């Protein structure tokens, strides 16, 4: 495939598009280069850059006719495709005609390298140019010889832009390799008796269902806060909200397990004042510190007196023992906090 004439048209388009004279060049690109080459993804993206309703309508008809007459390959694309990150972006690509492999690997590679991240503002405005530019670079840099088509590469670049780059939804492909331990029991199987969890994950984070289940435990969002269930898998740590269905369903958070550098275990002594009385409670805190400098702190309730703490401590210690199988734990800080209100008394004269 010779891109010489096409490059000249695109260069000319870039020079004049800001003054509104570039639309005939878009039509030329679509009708004389993209459609004859079965490059329908690029045709659609450049069609979207047109301002003229008449030209858009004309291109829609020509693209539709070209698709009928042309050659297309069935590829499972995002968001339905949730398995693309399982294809390694490392090393040399395989030589194959399997376009699904080339699509998955290209998305995985772009996600891993965070390609175009520094140019995200320009990409958002000029999607069509970036799709063609990145796909063509990959094609001419060796992916043609590996069996990938321009159409496959363009679809991968387009989906990466729309569903990973612009929404800032990068997936830690490299970190999905577990640090310690690996399970043969999937999350879906482990929770088969809890349909609410399976349904929730299927909607909010479906790739986790097939991941290996390692452990779970319950915690709180702050002192006296809402309850959360923490699920640890081969690849992820997910914080599930207390309410999983119905009105006001909560939002979950998930991080890549391999990105957790350490869990800091601390203690918080909390005093809640209620007028002239007060109540003290003790918590263990777990702070998940990550390699990208984010952290997630959760509270484990120990109790309000010696009896409570002696009763709860053994079970919570088991949670720490299990966590230690999969993470590095270190001793954190101990601190005191307080809340509520106090009542003060004064002396005055009534007249």
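Jot down the per residue volume, in cubic angstrom and as a whole number, of the convex hull over the alpha-carbon atoms of the chain. Could the numbers behind the result be given before it?
Working: hull volume 87.1 nm³, N = 351.
Value for the chain: 248 Å³ per residue.
Hey, could you get me the Stokes-Einstein D for region 1-141, Kirkwood radius over alpha-carbon pairs, 4 °C and 1.567 mPa s, rounded to whole µm² s⁻¹? Each step should come with its number before you reach the end.
Details: Rh = 16.6 Å.
Translational diffusion coefficient: 78 µm²/s.
Give, as ranges by residue number, the residues of region 1-36 whose backbone N falls under 13 Å from the point 7 Å along Cα→Cβ of residue 122.
Hits in region 1-36 for residue 122 at 13 Å: 14-15.
For 32, 17, 53, which order do you get if you count the other beta carbons within 10 Å of each Cβ and list the fewest first? Walk me through the numbers before you get to the answer.
Details: 32 13, 17 16, 53 8.
Fewest to most other Cβ atoms nearby, the residues stand as 53, 32, 17.
Going by how many other beta carbons lie within 10 Å of each one, how would you line up 204, 33, 102, 90, fewest first? Don't skip to the end; give the middle numbers.
On the way: 204 17, 33 20, 102 26, 90 10.
With the fewest neighbours first, 204, 33, 102, 90 line up as 90, 204, 33, 102.
For helix 306-323, what angle does its Cα long axis make with the longest principal axis of the chain, in degrees from 0 to 90 and rounded to 10?
With both axes taken from Cα atoms, the answer is about 30 degrees.
Just rank 64, 210, fewest to most, by other beta-carbon atoms within 10 angstrom. Walk me through the numbers before you get to the answer.
Details: 64 10, 210 15.
The fewest-first ordering by Cβ neighbours comes to 64, 210.
Taking the square root of 5 times each eigenvalue of the Cα gyration tensor, what semi-axes in Å does the equivalent ellipsoid of region 187-342 have, largest first?
On the way: eigenvalues 168, 72, 42 Å².
Sorted largest first and rounded, they come to 29, 19, 15 Å.
Calculate the spin-label point distance for residue 55 paired with residue 95, positioning each point 7 Å from the Cα along the beta-carbon direction, and give it in nanometres.
With each label point 7 Å from Cα toward Cβ, the separation is 4.2 nm.
If I stretch the segment between residue 294 and residue 86 completely, what's the gain in nm (0.36 nm per residue apart, minus their alpha carbon distance), one decimal?
Numbers: separation 208, 0.36 × 208 = 74.88 nm, distance 2.47 nm.
Between residue 294 and residue 86, full extension yields an extra 72.4 nm.
Sketch the reach of a paramagnetic label on residue 72 as a point 7 Å from Cα along Cα-to-Cβ, and name the residues of region 36-52 whose backbone nitrogen lies under 16 Å away.
36-45
Taking the Cα of residue 65, stepping 7 Å toward and past its beta carbon, and measuring to each backbone N in region 19-42: which are under 14 Å?
31-32, 35-36
Measure nothing but the geometry: give the 0 to 90° angle between the long axis through the Cα atoms of 99-113 and the longest principal axis through the Cα atoms of the chain, rounded to 10°.
Taking the Cα atoms of the chain, the angle to 99-113 is about 60 degrees.
For region 66-178, compute the orientation-averaged projected area of the C-alpha convex hull (one quarter of its surface), in nm².
Working: hull surface 30.5 nm².
Mean orientational projected area (region 66-178, Cα hull): 7.6 nm².
Based solely on its DSSP helices, what 222 nm [θ] is calculated for the chain when runs of n ≥ 4 H residues each add -39,500 (n - 2.57) and the sum is averaged over all residues, nearest 500 deg cm²/dmol?
On the way: 11 runs with 121 residues, N = 351.
After summing the helix terms and dividing by the residues of the chain, the value is -10500 deg cm²/dmol.
Relative to the present Cα-Cα distance, how much length would full extension add between residue 114 and residue 2 at 0.36 nm per residue of separation?
Working: separation 112, 0.36 × 112 = 40.32 nm, distance 2.85 nm.
Full extension from residue 114 to residue 2 adds 37.5 nm.
Against the longest principal axis of the chain, how steep is helix 53-69, in degrees 0 to 90 to the nearest 10, with axes from Cα atoms?
The helix 53-69 is inclined about 80 degrees to the chain.
For residue 162 and residue 185, what is the calculated FRET efficiency with R₀ set at 35 Å and r taken between the beta-carbons, to the nearest 0.05?
Computed FRET efficiency for residue 162 and residue 185 comes out at 0.55.
Any read-out appearing in this document is the output of simple, stated calculations on the displayed coordinates, not a laboratory observation. Remember, predicted model here, so these are calculated numbers, not experimental data. Cβ sites come from the backbone with ideal geometry, for glycine too, and all protein chains shown count toward neighbours.
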